[in-house]
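The values are calculated or read from the model by the stated rules, or taken from the named source; none is laboratory data. Predicted model, so just to flag it, every value in this text is computed and none were measured. Virtual Cβ from ideal backbone geometry, glycine too; neighbours counted across all protein chains shown.
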Amino acid sequence: SRATMAAGGSADYQDELGGESSPGDVVEALKRAFVNERCAPDLLPHQDDLVNDVKERINEQVNLINELDESQTLQKDLYNMELERINYMLRNYMRDRLRKITKLSLHLANNAEAQASLSDNEHEFVTGYVNLYQQHMDRSVWDAVDTSQIPENLKDISTTPSLLVVPKLDAHVFCKASEDLDPIVTGTDDEIKLDAGDVALLRYGLIKDLVRDGRVVLT
């Protein structure tokens, strides 16, 4: 289900940290999620637990700043700089997801597997966005012509190939292995072996599952 898969994406983050996490661990996890989302051509599973942890850290940082004495100007400035950095990554992580969701809206609306990467709020957004898109097409196209001889299914934007945008899984991305990996088959007789720390330029479709498992990060 959608909720199960989204939770799975977050579970990888928690497993990677191994229980209790420090503020630095959470920020590094956010950085990885932000870069992965920006570089991946498809929509990665929403990191529910990570986002919640980041928001909690932000609140803690704000409270810490408010508790500092007015004479502790340098500390306040340093904490505020760190707070701005965290907010920047979180905002852009969410903005990148919204950009992809808008672009891939019809694909997401009709693909149960792809929907599994959406949060509940994102799922509601996709539904509303596609409905508005359909209403726009109805008003600007179908209401202006005689459609009495046109089957209803042809008026549905979700069945119009020219409007459907799908992730470009053949796009090449730079990736870095987080651990020693089994050989990756890149062609009929070709394969590449990546050890921890190795960087390569590969077709995204070859490493899609490795990215989601956290065994490979995009750069």
**Q.** Looking only at region 167-204, and only at residues there that are surrounded by 14 or more Cβ atoms within 10 Å (Cβ to Cβ) and β-branched (Val, Ile, Thr), the one that is nearest to residue 108 (Cα to Cα)
**A.** 173
Q: Could you please find all residues in region 163-203 being at pLDDT 95 or above, touching a helix residue (DSSP H, G or I) at 6+ places or on another chain (Cβ under 8 Å) and not aliphatic (A, V, I, L, M)?
A: 167, 168, 170, 172, 174, 175
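Being of a type in the set (Asp, Glu) and under 22 Å from the mean Cα position of the chain (by Cα) narrows it down to one of 213, 182, 156, so name that one.
Details: 182 fails: under 22 Å from the mean Cα position of the chain (by Cα); 156 fails: under 22 Å from the mean Cα position of the chain (by Cα).
It is 213.
Quick one: which of 88, 133, 93 is touching a helix residue (DSSP H, G or I) at 6+ places or on another chain (Cβ under 8 Å), farther than 22 Å from residue 211 by Cα and among the hydroxyl-bearing types (Ser, Thr, Tyr)? Walk me through it before giving the result.
Values: 88 fails: touching a helix residue (DSSP H, G or I) at 6+ places or on another chain (Cβ under 8 Å); 93 fails: farther than 22 Å from residue 211 by Cα.
Checking each option against the conditions leaves just 133.
Just to be sure before I move on: is residue 101 more than 30 Å from residue 37 (Cα to Cα) and either out of contact with any Phe, Trp or Tyr (no Cβ under 7 Å at 6 or more places or on another chain) or assigned to a helix (DSSP H, G or I) (or both) in the structure I sent? Reasoning before the result, please.
Details: more than 30 Å from residue 37 (Cα to Cα): no; either out of contact with any Phe, Trp or Tyr (no Cβ under 7 Å at 6 or more places or on another chain) or assigned to a helix (DSSP H, G or I) (or both): yes.
It is false that residue 101 is more than 30 Å from residue 37 (Cα to Cα) and either out of contact with any Phe, Trp or Tyr (no Cβ under 7 Å at 6 or more places or on another chain) or assigned to a helix (DSSP H, G or I) (or both).
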Q) Pairs under 8 Å by beta carbon, first residue under 15 Å from residue 86 (Cα atoms) in region 40-69, partner outside any helix (DSSP H, G or I), six or more apart or different chains? A) 53/21
Q. Somewhere in region 205-217, is a residue in contact with a Gly (Cβ under 6 Å, 6 or more places away or on another chain), within 24 Å of residue 111 (Cα to Cα), at pLDDT 95 or above and not in a helix (DSSP H, G or I)?
A. no
Q) Quick one: is residue 113 within 24 Å of the chain's Cα centre (by Cα), surrounded by 12 or more Cβ atoms within 10 Å (Cβ to Cβ), of a type outside the set (Lys, Arg) and not assigned by TED's automatic domain parsing to the domain that holds residue 36? A) no
Q) Pairs under 8 Å by beta carbon, first residue in contact (Cβ under 8 Å) with a residue 24 or more places away in the chain and among the acidic types (Asp, Glu) in region 165-190, partner exposed (fewer than 13 other Cβ atoms within 10 Å of the Cβ) and not in a strand (DSSP E or B), six or more apart or different chains? A) 179/196
Q. Among the residues of region 50-81, which ones are crowded, with 17+ Cβ neighbours inside 10 Å and within 24 Å of residue 218 (Cβ to Cβ)?
A. 50, 51, 53, 54, 57
Q: With the condition kept exactly as written, say whether any residue in region 117-124 is outside the structural domain of residue 29 (by TED's automatic domain parsing), loosely packed, with under 13 Cβ neighbours inside 10 Å and touching a helix residue (DSSP H, G or I) at 6+ places or on another chain (Cβ under 9 Å).
A: yes
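Would you check which residues across region 113-149 are outside any helix (DSSP H, G or I) and within 18 Å of residue 160 (Cβ to Cβ) and list them? Explain how you work it out, then say what you get.
Taking region 113-149 and keeping what is outside any helix (DSSP H, G or I), we get 116-119, 141, 145-149.
Those that are outside any helix (DSSP H, G or I) and within 18 Å of residue 160 (Cβ to Cβ): 141, 145, 147, 149.
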